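The values are calculated or read from the model by the stated rules, or taken from the named source; none is laboratory data. All of these numbers come straight from a predicted model, not from anything done at the bench. Cβ: placed from backbone, ideal geometry, glycine included. Neighbour counts: every protein chain shown. Heads up: the accessible areas ignore ligands, DNA and RNA and are worked out on the full protein's heavy atoms, side chains in. Shrake-Rupley method; radii C 1.70, N 1.55, O 1.52, S 1.80 Å.
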Amino acid sequence: MERDTGYFCMNDINFTMYKLAGIIAEYDPFHNGHAFQLAALRRGLGENGAVVVVMSPDFVQRGEPACLEKRLRAQAALEHGADLVVELPLPYA
């Protein structure tokens, strides 16, 4: 009888390696340069890659109010290739 040691072999697990790219951005306003950056990242990462954007909230990194609402800026990022947009907490923006 074989004793169960609780260990497993990595060959027994089916997993996929993902590449991840992160961007810290304001997207205030979102423009063609931002779209180009997201498209270039998407091409470089391939199909098993993800682009995560950490975006400033209603006040941008310079302390000014954003021109556009954060939801509109996040939607633009998602439509142009970002997989996930998260809000940078206001004290850190």
Could you list, in sequence order, the residues of segment 41-93 that are part of a strand (DSSP E or B) and in contact with a Gly (Cβ under 8 Å, 6 or more places away or on another chain)?
VAL51, VAL52, VAL53, VAL54
Going through segment 53-93 in order, the residues found to be touching a Leu at 6+ places or on another chain (Cβ under 9 Å) and over 14 Å from ALA35 (Cα atoms) are VAL54, MET55, SER56, PRO57, ASP58, PHE59, GLN61, LEU84, VAL85
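Every residue, every condition in (1) open to solvent by less than 90 Å² (accessible area, probe 1.4 Å); (2) closer than 14 Å to ALA76 by Cα; (3) at pLDDT 90 or above, yes or no:
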site: ARG3; (1), (2), (3): no, no, no
site: GLU26; (1), (2), (3): yes, yes, yes
site: HIS31; (1), (2), (3): no, yes, yes
site: ARG43; (1), (2), (3): no, no, yes
Of everything in segment 46-85, what is closer than 23 Å to TYR18 by Cα, surrounded by fewer than 18 Cβ atoms within 10 Å (Cβ to Cβ) and modelled with pLDDT of 90 or more? Give them in sequence order.
ALA50, VAL52, VAL54, LEU78, GLU79, ASP83, LEU84
